[in-house]
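Working notes, structure below.
The values are calculated or read from the model by the stated rules, or taken from the named source; none is laboratory data. Because the structure is predicted, anything quoted here is derived from the model rather than measured. Ideal geometry is used to build each Cβ from the backbone, glycine not excepted, and the neighbour counts take in all protein chains shown.
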Amino acid sequence: MRASRIRRVDRLIYICHKIVIVRADCTSMATSTFAPDALTADPSAIASAPRTGPKLDHALHPAGRWIFLAVLIGGLAYAGFSIAFDTAQVGESLAGGAFAFLALALLIALGFEFVNGFHDTANAVATVIYTHSMPAPLAVVWSGFFNFLGVMLSSGAVAYSIVTLLPVDLILNVGSVGGFAMIFALLLAAIVWNLATWAVGLPNSSSHALIGSILGVGLANQLIRGGGADGTSGVDMAQVWKVLSALAFSPIVGFVGALLLLLVMKRFLRDKALYEAPEGQTPPPRGIRALLIGTCTAVSFAHGSNDGQKGMGLIMLILIGCAPTAYALNRTMPESATPAFVQTAQAASAAYRAHANGAPAGVSAARAQVTQALKTKQVSDPVIYGALATLSDDVSSRIAGYGSLGKVPAAATPNLRNDMYLVLDTTKLIAADASAQSRFTAQEITTLKSYNSGLEQGTRYIPTWVKVTVALALGLGTMVGWKRIVVTVGERIGKTHLTYGMGASAELVAASTILLAVNFGMPVSTTHILSSGVAGASVANGAGLQRRTVMNMALAWVMTLPVAMLLSGGLYWLLLTLAHSLGY
């Protein structure tokens, strides 16, 4: 009897010891890591039980740290050199204080992309890590590289989709105190919320955080300036609903798409290994492994091509505010493109004039009318058509007189850029307006859209060095801090271990959805789509969902917009108050 008690005590001590080791080792293995009866078996059986959880703690080779640091410093140095070269090329010299201010703003913007890397991209690598398709260190480096490629090959459409959420006043006066307060407030708010959710391991959306921060700044700006009665006219609400609808709809696509895809796979792909948890640390069969690595690659590339652009647009606003002569206009456009642009501008002006009811007394009056129309989004008005004709004639004549955008003098750059921005965004609204389309002929609408393309090329561009630095920030961020989110996605959404089929279906749907959104220039959340996909695949595989994790994720998703809005709005007010108290 005494010997039996001793054996039971020894067994209890051994089990407690193993639990402490597992917890201290930070591997965060799911409860399915061991067999269900593991805690009632003999110690020898426990020791030999197959461990299916991945090893997330690997010693980093010292050379890896030095390479990481060298790439980081090299990227920052490249950005600094590029700014110095670009400003010198146009004869714009930055004072030491202005350069330091610009450097700080860029560091914060790149910091957002760095945090985005380890916060959002962890979703992409969770499946290959938990199915043992790739070891964790290799997976995060692999994902970081394809995030880099995704950024480099992106078009920039998503970047300016984000920028158009901002109030017109702040975009036109981005170099003012209010413009810089806007940039700092929204970036800092998004970073703070991202870090807060990362600290507790919640796969929250960086896109939601950034968009919430933008809305908070816009609403705060309107309230501070005593705008419309509802305090919302400081932001483009039509664009807001367009962006929010994409963010709201995409997780549903992820959940339903992954669920249906896995059910279809089960119907036509009868290999049982696809739908069972991995055995021990054994990698999946070659074909399945190639599929999982391919889907991880696709999600990483898609994430870079979508999320990387969000930082680009904000960095361009920073550059336009600090160094307008170098970055407000696309000075890389060849001189040979000027005649075609001028011809298109004149054709668009003629189309506007044909439907106008008179014309403003001068360019200043036309500018004021177009600015007001853009703020209120009331563009189907013959008076506005006349103002656009006047402003377009002025823009085309100035560019024709200079010969090219590259020859526009420093003093004229901000004014010309603002006029081109006003005409561009107002013309976009007219081309999409049903009432306007009933007035204009199909040929005239085509002319207006061609005019828009020329204006976009002249004002909405991304220098190569901006793409490179954002790509490096996102790629390097992928390689650090990823474990918290990986554990949540791999272990805490479904009640059973992630299977090969679950991982493949979730990532196939996520990659397809994100790339489709990129094609339409819409910002979506990689985190929401993929984690919803994992949940859908878990349901399709017959596994339940862990209610606590799903509820926490849903709570974080719901809270992100209001919390980010409050943070950014409060920071914007605080920074403006501080600047005014210092006499700025």
- Residue among 514, 462 that alone is outside any helix (DSSP H, G or I), under 18 Å from the mean Cα position of the chain (by Cα) and either modelled with pLDDT of 85 or more or among the hydrophobic types (A, V, I, L, M, F, W, C) (or both): 462
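One line per residue, one yes/no per condition, for (1) within 24 Å of residue 187 (Cα to Cα); (2) of a type outside the set (S, T, N, Q); (3) in the same structural domain as residue 224 (by TED's automatic domain parsing):
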position	(1), (2), (3)
489	no, yes, yes
497	no, yes, yes
523	yes, yes, yes
531	no, no, yes
551	no, yes, yes
- Message: Name the single residue that is surrounded by the most Cβ atoms within 10 Å (Cβ to Cβ) among those in region 346-369 being of a type in the set (Gly, Ala, Ser) and more than 20 Å from residue 439 (Cβ to Cβ).
- Response: 365
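Which members of region 83-120 meet the condition of being of a type in the set (Val, Ile, Thr), within 17 Å of the chain's Cα centre (by Cα) and surrounded by fewer than 21 Cβ atoms within 10 Å (Cβ to Cβ)?
108
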- Spot the failing condition for residue 427; the list is (1) under 26 Å from residue 85 (Cα atoms); (2) not assigned by TED's automatic domain parsing to the domain that holds residue 152, and only one is missed. (1)
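Yes/no matrix, rows are residues, columns are (1) at negative phi; (2) assigned to a helix (DSSP H, G or I); (3) in contact with a helix residue (DSSP H, G or I) (Cβ under 7 Å, 6 or more places away or on another chain):
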residue	(1), (2), (3)
118	yes, yes, yes
123	yes, yes, yes
128	yes, yes, yes
134	yes, no, yes
137	yes, yes, no
149	yes, yes, yes
155	yes, no, no
160	yes, yes, yes
- Message: So in region 196-211, with the set limited to residues that are among the hydrophobic types (A, V, I, L, M, F, W, C) and part of a loop (DSSP other than H, G, I, E, B), which one is modelled with the lowest pLDDT?
- Response: 202
- Message: Just checking, does region 568-576 include any residue being crowded, with 22+ Cβ neighbours inside 10 Å, among the hydroxyl-bearing types (Ser, Thr, Tyr) and closer than 26 Å to residue 240 by Cα?
- Response: yes
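Is it the case that region 164-179 has a residue that's touching a Lys or Arg at 6+ places or on another chain (Cβ under 7 Å), at pLDDT below 80 and in a helix (DSSP H, G or I)?
Yes, region 164-179 has at least one match.
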- Query: Would you pick out the residues in region 278-304 that are loosely packed, with under 13 Cβ neighbours inside 10 Å and either assigned to a helix (DSSP H, G or I) or of a type in the set (A, V, I, L, M, F, W, C) (or both)?
  - Reply: 286, 287, 290
- Message: Name the single residue that is surrounded by the fewest Cβ atoms within 10 Å (Cβ to Cβ) among those in region 428-445 being touching a residue at least 40 places away in the same chain (Cβ under 8 Å) and part of a loop (DSSP other than H, G, I, E, B).
- Response: 433
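Results for (1) farther than 25 Å from residue 91 by Cβ; (2) modelled with pLDDT of 90 or more, shown as yes or no for each residue.
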| position | (1), (2) |
| --- | --- |
| 387 | yes, yes |
| 399 | no, yes |
| 402 | no, yes |
| 412 | no, no |
| 419 | no, yes |
| 439 | yes, no |
| 442 | yes, no |
| 454 | yes, yes |
- Task: Might you let me know whether region 464-472 holds any residue that is farther than 26 Å from residue 201 by Cβ, free of Cβ contacts under 8 Å to residues at least 60 places away in the same chain and either crowded, with 24+ Cβ neighbours inside 10 Å or touching a Ser or Thr at 6+ places or on another chain (Cβ under 9 Å) (or both)?
- Result: yes
- Task: Please state which of the following conditions residue 70 fails to meet, knowing it meets all the rest: (1) buried (at least 17 other Cβ atoms within 10 Å of the Cβ); (2) more than 20 Å from the chain's Cα centre (by Cα).
- Result: (1)
- Task: From (1) assigned by TED's automatic domain parsing to the domain that holds residue 385; (2) touching a Gly at 6+ places or on another chain (Cβ under 8 Å); (3) of a type in the set (Ser, Thr, Tyr), pick out the condition that doesn't hold for residue 349.
- Result: (2)
- Task: State whether the residues of region 564-571 include one that is in the same structural domain as residue 241 (by TED's automatic domain parsing) and under 23 Å from residue 304 (Cα atoms).
- Result: yes
